[in-house]
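Heads up, the thing below is written out as structure tokens.
The values are calculated or read from the model by the stated rules, or taken from the named source; none is laboratory data. Model, not experiment: these values are computed from the prediction. Backbone-built Cβ (ideal geometry, glycine too); neighbour counts: all protein chains shown. The accessibility values were calculated without ligands, DNA or RNA, using every heavy atom of the protein model including side chains. Shrake-Rupley method; radii C 1.70, N 1.55, O 1.52, S 1.80 Å.
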Amino acid sequence: MNHEGSDLDLFRCYISDTKDILLGKVPKNTFEQPTSIVDLQVSEIGAVISQLMHCNFNYLIAIHSPIVMFDNGNVLAKLRELSFKSLSKEAYNSIFGMCTQNYKKYIETGKDISEKRCNAIARTAKFGYNLLVNKKIVFEGVSGFTSEKLSTAIESLPFAKDNSTLPEKCPAEVKEEFEELLIKLRISDLNGK
């Protein structure tokens, strides 16, 4: 949804030193480094996998972004494959939460009722509706939203959840596949590959 004046949102996934993890040195799993131009979120692979199993909106966006600057082998493709298999109604929590939080923070307070802000919130709601009802991850822009029209977009999410045929949570067999991938990555790191 890039436009003139947009900041650059970057997501970086890394693997902590497996030897450190085995020795009990706990890495900082996720951190952000925002600046006025670049908003960088960095997450350790274990945190990414955990959040994908819970269908977290921010991690689905990060993994499925059509713009990939660097892809280390087939890990991204495997994460995308497994995250599709793990789609569940749990996505509702982070998507509805983000929409309502931003609505309260910006729209209800009058802090920012611009069309740009309204469109951003509506875009999140549309993403959630497509995921819950159509079982698809779709990146689509929206335009022309106002604070008055925004309520309808957000109110569509509980309906979408209630009418979704997705499972309540990530299926157990998909969790196992995620865990096997993480173990494989950790062993590979430990072996220096």
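THR18 contributes about 10 Å² of solvent-accessible surface, heavy atoms of the protein only, 1.4 Å probe.
For a straight C-alpha distance cut-off of 15 angstrom, the aspartates and glutamates reachable from LYS116 (same-chain residues fewer than eight places away being disregarded) are GLU4, ASP7, GLU140, GLU148. Between the Cα long axis of helix 91-102 and the first principal axis of the chain there is an angle of about 50°, rounded to the nearest 10. A 1.4 Å probe run over segment 33-93, with the rest of the protein chains in place, finds 48 Å² accessible per residue.
Rolling a 1.4 angstrom probe over the protein heavy atoms, how many square angstrom per residue are accessible across segment 114-176?
That works out to 54 Å² per residue.
Computed from phi, the 3J(HN,Hα) profile of segment 54-71 under the Karplus parametrisation 6.51, -1.76, 1.60 (θ = phi - 60°) reads 9, 6, 5, 3, 4, 7, 4, 4, 4, 6, 9, 3, x, 9, 10, 7, 8, 10 Hz, with x in place of Gly and Pro. Of all DSSP-defined beta bridges confined to the chain, some 40% are antiparallel rather than parallel.
Each other residue within a Cβ distance under 12 Å of VAL133 adds +1 if Lys or Arg and -1 if Asp or Glu, for a net charge of +4. Calculate how steeply helix 75-85 sits against the longest principal axis of the alpha-carbon atoms of the chain, using the helix alpha-carbon long axis, and give the answer as 0 to 90 degrees to the nearest 10. The answer is roughly 60 degrees.
Determine the share of the chain's accessible area contributed by carbon and sulfur atoms, expressed in whole percent, with a 1.4 angstrom probe.
On the way: 6000 of 11420 Å².
Result for the chain: 53 percent of the exposed heavy-atom area is carbon or sulfur.
Across the chain, C-alpha contacts under 8 Å between residues 6 or more apart give a mean separation that, scaled by the residue count, equals a relative contact order of 23 percent.
What pairs in LYS85/LYS105; LYS104/LYS161; LYS85/LYS161; LYS135/LYS175; LYS19/LYS175 have C-alpha atoms more than 27 Å from each other? Distance filter (> 27 Å) returns LYS85/LYS105. Result for the chain in a Gaussian network model with C-alpha springs under 10 Å: among LYS111, LYS126, LYS89, the largest mean-square fluctuation is at LYS111.
Projected onto its three principal axes, the C-alpha set of the chain covers 56, 41, 27 Å, listed from the longest axis down. Helical content of the chain, expressed as a calculated mean residue ellipticity at 222 nm, amounts to -16500 deg cm²/dmol (DSSP H runs of 4 or more residues, -39,500 (n - 2.57) each, divided by residue number, nearest 500).
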